[in-house]
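Q: Can you keep this structure in mind? I'll have questions shortly.
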Amino acid sequence: MTGAAGFIGSAVARRLRSLGLGRVVSLDALTYAGDVSRLEPAGGEPGHRFVHLDVRDEDAVLELLRVERPRTVLHLAAETHVDRSIDGPEAFIQSNVVGALRLLEAVRAYLADASDAERSAFRLVNVSTDEVYGSLGPEGRFTETTPFAPRSPYSASKAGADHLMSAYAETFGLPIVTTHASNNYGPYQFPEKLIPLALGRALRGESVPLYGTGDNVRDWLHVDDHADGIIAAALRGRPGEAYLIGGGNERSNRDVLNALMDLVDELAPAGREHRELIELVADRPGHDFRYAVDTSKAKADLGWRPAVPFERGLRETVAWYLAHREWLASVTKGRYALERLGTAQGPNASGGLA
(Lines give C-alpha, C1' and ligand atoms only; values in the text may rest on other atoms or scores of the structure.)
Protein backbone atom coordinates (compact mmCIF):
# COMPACT_ATOMS: atom_id res chain seq x y z
CA MET A 1 0.00 0.00 0.00
CA THR A 2 1.34 3.39 -1.00
CA GLY A 3 0.61 6.44 1.13
CA ALA A 4 0.13 4.14 4.11
CA ALA A 5 1.21 6.63 6.79
CA GLY A 6 -1.47 9.08 5.69
CA PHE A 7 -4.91 9.53 7.23
CA ILE A 8 -6.80 7.11 4.98
CA GLY A 9 -3.97 4.70 4.24
CA SER A 10 -3.25 4.11 7.91
CA ALA A 11 -6.94 3.39 8.54
CA VAL A 12 -6.82 0.78 5.78
CA ALA A 13 -3.66 -0.77 7.25
CA ARG A 14 -5.18 -0.97 10.72
CA ARG A 15 -8.36 -2.51 9.30
CA LEU A 16 -6.50 -5.07 7.18
CA ARG A 17 -4.52 -6.22 10.19
CA SER A 18 -7.59 -6.39 12.44
CA LEU A 19 -9.35 -8.57 9.84
CA GLY A 20 -6.32 -10.84 9.45
CA LEU A 21 -6.30 -10.45 5.68
CA GLY A 22 -2.64 -11.25 5.25
CA ARG A 23 0.70 -9.48 5.37
CA VAL A 24 0.61 -5.72 4.79
CA VAL A 25 3.57 -3.80 3.38
CA SER A 26 3.16 -0.07 3.99
CA LEU A 27 5.04 2.46 1.84
CA ASP A 28 5.17 6.20 2.48
CA ALA A 29 7.44 9.11 1.55
CA LEU A 30 6.60 10.79 4.88
CA THR A 31 5.92 14.27 3.55
CA TYR A 32 4.46 16.92 5.88
CA ALA A 33 1.17 15.09 6.50
CA GLY A 34 2.63 11.58 6.90
CA ASP A 35 3.02 10.14 10.37
CA VAL A 36 4.21 6.63 11.16
CA SER A 37 2.55 6.68 14.60
CA ARG A 38 -0.76 6.18 12.78
CA LEU A 39 0.50 2.72 11.84
CA GLU A 40 1.49 1.59 15.34
CA PRO A 41 -1.86 -0.18 15.95
CA ALA A 42 -1.20 -2.25 12.81
CA GLY A 43 1.80 -3.81 14.57
CA GLY A 44 5.12 -4.91 13.14
CA GLU A 45 6.71 -7.96 11.56
CA PRO A 46 5.80 -10.51 10.44
CA GLY A 47 2.27 -9.27 9.69
CA HIS A 48 3.12 -5.67 8.91
CA ARG A 49 6.18 -4.00 7.42
CA PHE A 50 6.77 -0.27 6.97
CA VAL A 51 9.09 0.98 4.22
CA HIS A 52 10.09 4.65 3.92
CA LEU A 53 9.82 5.01 0.16
CA ASP A 54 8.63 7.57 -2.38
CA VAL A 55 6.36 5.95 -4.97
CA ARG A 56 8.15 7.99 -7.65
CA ASP A 57 11.26 5.84 -7.06
CA GLU A 58 10.26 3.34 -9.71
CA ASP A 59 13.28 1.07 -9.35
CA ALA A 60 12.89 0.77 -5.58
CA VAL A 61 9.15 0.07 -5.90
CA LEU A 62 9.83 -2.64 -8.50
CA GLU A 63 12.48 -4.23 -6.29
CA LEU A 64 10.05 -4.28 -3.37
CA LEU A 65 7.32 -5.83 -5.53
CA ARG A 66 9.69 -8.59 -6.58
CA VAL A 67 10.69 -9.28 -2.96
CA GLU A 68 7.20 -9.19 -1.43
CA ARG A 69 5.20 -10.53 -4.43
CA PRO A 70 1.85 -9.02 -3.35
CA ARG A 71 -1.56 -10.13 -4.56
CA THR A 72 -2.83 -6.57 -4.29
CA VAL A 73 -1.41 -3.07 -4.52
CA LEU A 74 -3.50 -0.32 -2.95
CA HIS A 75 -2.47 3.08 -4.29
CA LEU A 76 -3.26 5.91 -1.87
CA ALA A 77 -0.10 8.03 -2.08
CA ALA A 78 -1.20 11.56 -2.96
CA GLU A 79 -1.20 15.21 -2.05
CA THR A 80 -4.84 15.87 -1.17
CA HIS A 81 -5.46 19.37 0.19
CA VAL A 82 -7.21 21.67 -2.29
CA ASP A 83 -5.96 24.86 -0.62
CA ARG A 84 -2.34 23.72 -0.82
CA SER A 85 -2.85 22.88 -4.50
CA ILE A 86 -3.94 26.46 -5.10
CA ASP A 87 -0.80 27.78 -3.44
CA GLY A 88 1.54 25.26 -5.11
CA PRO A 89 0.21 23.06 -7.96
CA GLU A 90 3.61 21.60 -8.89
CA ALA A 91 3.82 19.28 -5.88
CA PHE A 92 0.42 17.82 -6.79
CA ILE A 93 1.46 17.03 -10.34
CA GLN A 94 4.64 15.40 -9.06
CA SER A 95 3.01 13.31 -6.34
CA ASN A 96 -0.30 12.49 -7.97
CA VAL A 97 0.41 12.26 -11.70
CA VAL A 98 4.11 11.37 -11.85
CA GLY A 99 3.69 9.14 -8.80
CA ALA A 100 0.89 7.21 -10.52
CA LEU A 101 2.98 6.86 -13.69
CA ARG A 102 6.01 5.49 -11.82
CA LEU A 103 3.87 3.02 -9.90
CA LEU A 104 2.15 1.83 -13.07
CA GLU A 105 5.50 1.27 -14.77
CA ALA A 106 6.80 -0.67 -11.78
CA VAL A 107 3.66 -2.83 -11.67
CA ARG A 108 3.86 -3.44 -15.42
CA ALA A 109 7.46 -4.60 -15.14
CA TYR A 110 6.65 -6.78 -12.14
CA LEU A 111 3.73 -8.53 -13.86
CA ALA A 112 5.81 -9.11 -17.00
CA ASP A 113 8.04 -11.46 -14.97
CA ALA A 114 5.32 -12.89 -12.71
CA SER A 115 3.87 -16.37 -12.99
CA ASP A 116 0.52 -16.97 -14.65
CA ALA A 117 -1.05 -17.60 -11.25
CA GLU A 118 0.37 -14.38 -9.83
CA ARG A 119 -0.87 -12.34 -12.80
CA SER A 120 -4.31 -13.89 -12.57
CA ALA A 121 -4.69 -13.10 -8.85
CA PHE A 122 -3.18 -9.60 -8.97
CA ARG A 123 -5.19 -6.38 -8.51
CA LEU A 124 -4.18 -2.72 -8.40
CA VAL A 125 -6.71 -0.57 -6.54
CA ASN A 126 -6.49 3.11 -7.44
CA VAL A 127 -8.00 5.23 -4.66
CA SER A 128 -9.35 8.52 -6.00
CA THR A 129 -11.83 11.26 -5.11
CA ASP A 130 -15.29 12.43 -6.12
CA GLU A 131 -13.76 15.85 -6.77
CA VAL A 132 -12.62 14.73 -10.23
CA TYR A 133 -16.26 15.08 -11.34
CA GLY A 134 -16.40 18.81 -10.60
CA SER A 135 -19.22 20.65 -8.88
CA LEU A 136 -22.91 19.84 -8.50
CA GLY A 137 -25.83 22.20 -8.13
CA PRO A 138 -28.56 21.69 -5.51
CA GLU A 139 -29.80 18.45 -7.10
CA GLY A 140 -28.37 15.21 -8.46
CA ARG A 141 -25.47 12.92 -7.63
CA PHE A 142 -22.28 11.82 -9.31
CA THR A 143 -22.27 8.31 -10.81
CA GLU A 144 -19.44 6.23 -12.21
CA THR A 145 -20.31 7.51 -15.71
CA THR A 146 -20.28 11.22 -14.83
CA PRO A 147 -17.71 12.97 -17.06
CA PHE A 148 -14.61 14.30 -15.34
CA ALA A 149 -14.66 18.08 -14.87
CA PRO A 150 -12.01 18.94 -12.26
CA ARG A 151 -11.92 22.54 -11.06
CA SER A 152 -8.85 22.74 -8.79
CA PRO A 153 -5.20 21.80 -9.29
CA TYR A 154 -5.75 18.97 -6.79
CA SER A 155 -8.74 17.45 -8.55
CA ALA A 156 -7.07 17.94 -11.95
CA SER A 157 -4.02 16.02 -10.73
CA LYS A 158 -6.20 13.18 -9.46
CA ALA A 159 -8.14 13.13 -12.73
CA GLY A 160 -4.84 12.92 -14.59
CA ALA A 161 -3.78 9.97 -12.46
CA ASP A 162 -7.15 8.28 -13.04
CA HIS A 163 -6.79 8.71 -16.82
CA LEU A 164 -3.35 7.13 -16.66
CA MET A 165 -4.78 4.19 -14.72
CA SER A 166 -7.53 3.72 -17.32
CA ALA A 167 -5.03 3.98 -20.17
CA TYR A 168 -2.71 1.37 -18.65
CA ALA A 169 -5.68 -0.94 -18.08
CA GLU A 170 -6.70 -0.66 -21.72
CA THR A 171 -3.27 -0.54 -23.37
CA PHE A 172 -1.32 -2.96 -21.19
CA GLY A 173 -4.12 -5.02 -19.66
CA LEU A 174 -3.32 -4.13 -16.05
CA PRO A 175 -6.08 -5.35 -13.69
CA ILE A 176 -7.03 -2.01 -12.13
CA VAL A 177 -10.03 -1.18 -9.93
CA THR A 178 -10.72 2.47 -9.09
CA THR A 179 -12.66 3.96 -6.18
CA HIS A 180 -13.89 7.54 -5.85
CA ALA A 181 -14.70 8.61 -2.29
CA SER A 182 -16.47 11.59 -0.76
CA ASN A 183 -15.09 13.78 2.06
CA ASN A 184 -13.48 11.73 4.82
CA TYR A 185 -13.34 12.48 8.54
CA GLY A 186 -12.27 10.63 11.67
CA PRO A 187 -9.28 10.10 14.00
CA TYR A 188 -5.70 10.88 12.89
CA GLN A 189 -6.65 13.39 10.17
CA PHE A 190 -4.03 16.07 9.57
CA PRO A 191 -5.45 19.38 10.88
CA GLU A 192 -5.47 21.29 7.60
CA LYS A 193 -8.85 19.71 6.81
CA LEU A 194 -12.18 21.14 7.94
CA ILE A 195 -13.05 19.20 11.09
CA PRO A 196 -9.66 18.86 12.84
CA LEU A 197 -8.63 22.38 11.80
CA ALA A 198 -11.80 23.96 13.19
CA LEU A 199 -11.51 21.85 16.32
CA GLY A 200 -7.86 22.78 16.84
CA ARG A 201 -8.53 26.49 16.46
CA ALA A 202 -11.60 26.35 18.72
CA LEU A 203 -9.62 24.62 21.48
CA ARG A 204 -7.14 27.50 21.32
CA GLY A 205 -9.96 30.05 21.53
CA GLU A 206 -9.18 31.30 18.02
CA SER A 207 -11.60 32.24 15.25
CA VAL A 208 -13.02 29.38 13.19
CA PRO A 209 -13.22 30.71 9.62
CA LEU A 210 -16.03 29.61 7.31
CA TYR A 211 -15.55 30.12 3.60
CA GLY A 212 -18.01 32.31 1.69
CA THR A 213 -21.58 31.91 2.92
CA GLY A 214 -20.96 28.45 4.44
CA ASP A 215 -23.55 26.89 2.14
CA ASN A 216 -21.17 24.57 0.25
CA VAL A 217 -22.25 20.95 0.72
CA ARG A 218 -20.18 17.79 1.14
CA ASP A 219 -21.08 14.13 1.65
CA TRP A 220 -19.24 13.02 4.81
CA LEU A 221 -17.75 9.53 4.98
CA HIS A 222 -16.13 8.11 8.10
CA VAL A 223 -12.60 6.94 7.34
CA ASP A 224 -13.30 3.45 8.70
CA ASP A 225 -16.23 3.09 6.28
CA HIS A 226 -13.93 4.24 3.49
CA ALA A 227 -11.32 1.68 4.54
CA ASP A 228 -13.93 -1.07 4.34
CA GLY A 229 -14.94 0.16 0.88
CA ILE A 230 -11.35 0.05 -0.37
CA ILE A 231 -10.89 -3.46 1.00
CA ALA A 232 -14.18 -4.58 -0.59
CA ALA A 233 -13.00 -3.18 -3.93
CA ALA A 234 -9.74 -5.12 -3.57
CA LEU A 235 -11.53 -8.36 -2.76
CA ARG A 236 -14.59 -8.16 -5.01
CA GLY A 237 -14.09 -5.32 -7.49
CA ARG A 238 -13.96 -6.12 -11.19
CA PRO A 239 -10.88 -4.96 -13.12
CA GLY A 240 -11.69 -2.02 -15.34
CA GLU A 241 -14.56 -0.87 -13.12
CA ALA A 242 -14.92 2.17 -10.87
CA TYR A 243 -16.96 2.40 -7.67
CA LEU A 244 -18.24 5.42 -5.76
CA ILE A 245 -17.83 5.31 -1.97
CA GLY A 246 -19.84 7.83 0.07
CA GLY A 247 -21.36 8.19 3.51
CA GLY A 248 -24.82 9.42 2.48
CA ASN A 249 -24.36 12.29 4.94
CA GLU A 250 -24.78 15.54 3.02
CA ARG A 251 -24.16 18.58 5.21
CA SER A 252 -23.35 22.21 4.51
CA ASN A 253 -20.05 23.46 5.90
CA ARG A 254 -22.03 25.76 8.19
CA ASP A 255 -24.04 22.85 9.60
CA VAL A 256 -20.88 20.80 10.16
CA LEU A 257 -19.18 23.62 12.04
CA ASN A 258 -22.26 24.33 14.14
CA ALA A 259 -22.51 20.65 15.13
CA LEU A 260 -18.78 20.54 15.82
CA MET A 261 -18.83 23.64 18.03
CA ASP A 262 -21.82 22.28 19.96
CA LEU A 263 -19.87 19.10 20.70
CA VAL A 264 -16.91 21.15 21.89
CA ASP A 265 -19.28 23.03 24.20
CA GLU A 266 -20.44 19.71 25.63
CA LEU A 267 -17.14 17.82 25.78
CA ALA A 268 -14.67 20.65 26.44
CA PRO A 269 -16.65 23.59 27.88
CA ALA A 270 -14.80 26.90 28.05
CA GLY A 271 -17.34 29.26 29.59
CA ARG A 272 -18.59 30.48 26.22
CA GLU A 273 -20.48 29.09 23.24
CA HIS A 274 -17.94 28.00 20.67
CA ARG A 275 -20.30 28.88 17.81
CA GLU A 276 -19.35 32.48 18.56
CA LEU A 277 -15.88 31.71 17.16
CA ILE A 278 -17.22 30.96 13.66
CA GLU A 279 -16.33 33.80 11.30
CA LEU A 280 -17.19 34.20 7.61
CA VAL A 281 -14.10 34.81 5.45
CA ALA A 282 -13.44 35.33 1.75
CA ASP A 283 -14.26 32.21 -0.23
CA ARG A 284 -11.74 29.80 -1.69
CA PRO A 285 -11.03 30.54 -5.40
CA GLY A 286 -13.12 28.19 -7.57
CA HIS A 287 -14.84 26.65 -4.55
CA ASP A 288 -17.00 23.69 -5.70
CA PHE A 289 -20.56 24.14 -4.45
CA ARG A 290 -21.66 20.56 -3.78
CA TYR A 291 -20.51 16.96 -3.97
CA ALA A 292 -22.80 13.94 -3.64
CA VAL A 293 -22.31 10.38 -4.86
CA ASP A 294 -24.57 7.50 -5.88
CA THR A 295 -23.20 4.45 -4.07
CA SER A 296 -25.67 1.90 -5.47
CA LYS A 297 -23.04 0.16 -7.61
CA ALA A 298 -20.64 -0.32 -4.68
CA LYS A 299 -23.48 -1.66 -2.55
CA ALA A 300 -24.67 -4.09 -5.23
CA ASP A 301 -21.33 -5.30 -6.59
CA LEU A 302 -19.06 -5.08 -3.55
CA GLY A 303 -21.55 -5.79 -0.76
CA TRP A 304 -20.37 -2.59 0.91
CA ARG A 305 -22.36 0.05 2.74
CA PRO A 306 -21.46 2.74 5.28
CA ALA A 307 -21.97 1.77 8.92
CA VAL A 308 -21.14 4.96 10.86
CA PRO A 309 -23.92 7.59 11.16
CA PHE A 310 -22.51 11.11 10.91
CA GLU A 311 -23.72 12.25 14.33
CA ARG A 312 -22.07 9.30 16.07
CA GLY A 313 -18.94 9.51 13.98
CA LEU A 314 -18.51 13.22 14.62
CA ARG A 315 -18.97 12.80 18.37
CA GLU A 316 -16.44 9.95 18.48
CA THR A 317 -14.01 11.97 16.35
CA VAL A 318 -14.19 15.00 18.66
CA ALA A 319 -13.75 12.75 21.69
CA TRP A 320 -10.70 11.13 20.05
CA TYR A 321 -9.00 14.47 19.36
CA LEU A 322 -9.71 15.67 22.88
CA ALA A 323 -8.08 12.52 24.23
CA HIS A 324 -5.11 12.85 21.85
CA ARG A 325 -4.20 16.51 22.02
CA GLU A 326 -0.54 15.56 22.18
CA TRP A 327 -0.82 13.88 18.77
CA LEU A 328 -2.42 17.00 17.29
CA ALA A 329 0.42 19.10 18.70
CA SER A 330 3.12 16.71 17.51
CA VAL A 331 1.98 16.51 13.87
CA THR A 332 1.64 20.27 13.51
CA LYS A 333 4.82 21.36 15.31
CA GLY A 334 7.14 22.96 12.78
CA ARG A 335 4.86 21.95 9.91
CA TYR A 336 1.62 23.90 10.07
CA ALA A 337 0.25 26.59 12.40
CA LEU A 338 -3.43 26.22 11.40
CA GLU A 339 -3.13 29.29 9.17
CA ARG A 340 -5.17 30.16 6.08
CA LEU A 341 -4.05 28.50 2.85
CA GLY A 342 -5.35 28.64 -0.71
CA THR A 343 -6.05 32.34 -1.24
CA ALA A 344 -4.38 32.30 -4.69
CA GLN A 345 -2.25 35.15 -3.33
CA GLY A 346 -0.07 33.14 -0.97
CA PRO A 347 -0.75 32.08 2.63
CA ASN A 348 -1.70 34.56 5.34
CA ALA A 349 -2.38 34.29 9.03
CA SER A 350 -6.16 34.69 9.10
CA GLY A 351 -6.92 30.97 9.41
CA GLY A 352 -8.79 28.82 6.89
CA LEU A 353 -10.63 25.61 6.25
CA ALA A 354 -10.38 22.69 3.89
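The values are calculated or read from the model by the stated rules, or taken from the named source; none is laboratory data. This structure is a prediction, so every number in the text was calculated from the model and none was measured. Virtual Cβ from ideal backbone geometry, glycine too; neighbours counted across all protein chains shown. Protein only, heavy atoms only, side chains kept; ligands, DNA and RNA dropped before computing areas. Shrake-Rupley method; radii C 1.70, N 1.55, O 1.52, S 1.80 Å.
Q: Hey, what's the Cα Rg ratio for the chain versus the globular rule of thumb, 2.2 N^0.38 Å?
A: My calculation over the Cα atoms of the chain gives 0.96.
Q: Which of the lysines could be linked to LYS158 by a straight reach, that is with a Cα gap under 28 Å, when you skip same-chain ones fewer than 8 residues away?
A: Candidates past the 8-residue exclusion: LYS193, LYS297, LYS299.
Q: Here is a follow-up. For the chain, build the charge dipole from Cβ charges (+1 Lys, Arg; -1 Asp, Glu) around the Cα centre, then report which of TYR243, SER115, THR343 sits farthest towards its positive end.
A: Farthest towards the positive pole: SER115.
Q: With the contact rule set at Cα under 8 Å and sequence spacing of 6 or more, what percent relative contact order holds for the chain?
A: Rounded, it is 19 percent for the chain.
Q: Give the residue list of GluC sites (Glu not before Pro) in the stretch 83-152 that are DSSP loop and have at most 15 other beta-carbon atoms within 10 angstrom.
A: GLU139
Q: Cα convex hull of the stretch 55-138: how many Å³ per residue?
A: Normalising the Cα hull of the stretch 55-138 by residue number yields 106 Å³.
Q: Measure nothing fancy, just the Cα-based angle from helix 153-172's long axis to the longest principal axis of the chain, in degrees from 0 to 90, nearest 10.
A: That works out to roughly 20 degrees.
Q: What is the helix-to-structure angle for 7-19, meaning the angle in degrees between its Cα long axis and the longest Cα principal axis of the chain, kept from 0 to 90 and rounded to the nearest 10?
A: Around 60 degrees separate the two axes.
Q: Computing the accessible area with a 1.4 Å probe over protein heavy atoms, can you report the carbon and sulfur percentage for the chain?
A: Within the chain, the accessible surface is 50 percent carbon and sulfur.
Q: Show me the ranking of peptides 266-278, 308-320 by mean Cβ neighbours inside 10 Å, starting with the highest.
A: The peptides rank, most packed first, as 308-320, 266-278.
Q: Next question. About the Cα centre of the stretch 256-303, what is the dipole size in debye to 20, counting +1 per Lys and Arg Cβ and -1 per Asp and Glu Cβ, all else neutral?
A: 240 debye
Q: Quick one: net charge around TRP220, please, counting Lys, Arg +1 and Asp, Glu -1 for every other residue with C-beta under 11 Å from its C-beta.
A: Local charge sum for TRP220: -3.
Q: Under a no-solvent Debye model with one identical scatterer per Cα of the stretch 100-179, what's log10 I(q)/I(0) at q = 0.13, 0.26 Å⁻¹?
A: -0.47, -1.25
Q: With angles folded into 0 to 90 degrees, how steeply does helix 58-68 sit against the dominant principal axis of the chain? Use alpha carbons for both and round to 10.
A: Orientation of helix 58-68: about 70 degrees from the principal axis.
Q: Grab the beta carbon distance between ASP294 and THR171, set R0 = 41 Å, and tell me the FRET efficiency rounded to 0.05.
A: The value I calculate is 0.90.
Q: Per residue, how much accessible surface does the stretch 197-354 expose to a 1.4 Å probe? Answer in Å², no decimals.
A: Solvent-accessible surface per residue comes out at 42 Å².
Q: What does the accessible area per residue of the stretch 39-98 come to in Å², with a 1.4 Å probe and no ligands, DNA or RNA counted?
A: Per-residue accessible area for the stretch 39-98 comes out at 49 Å².
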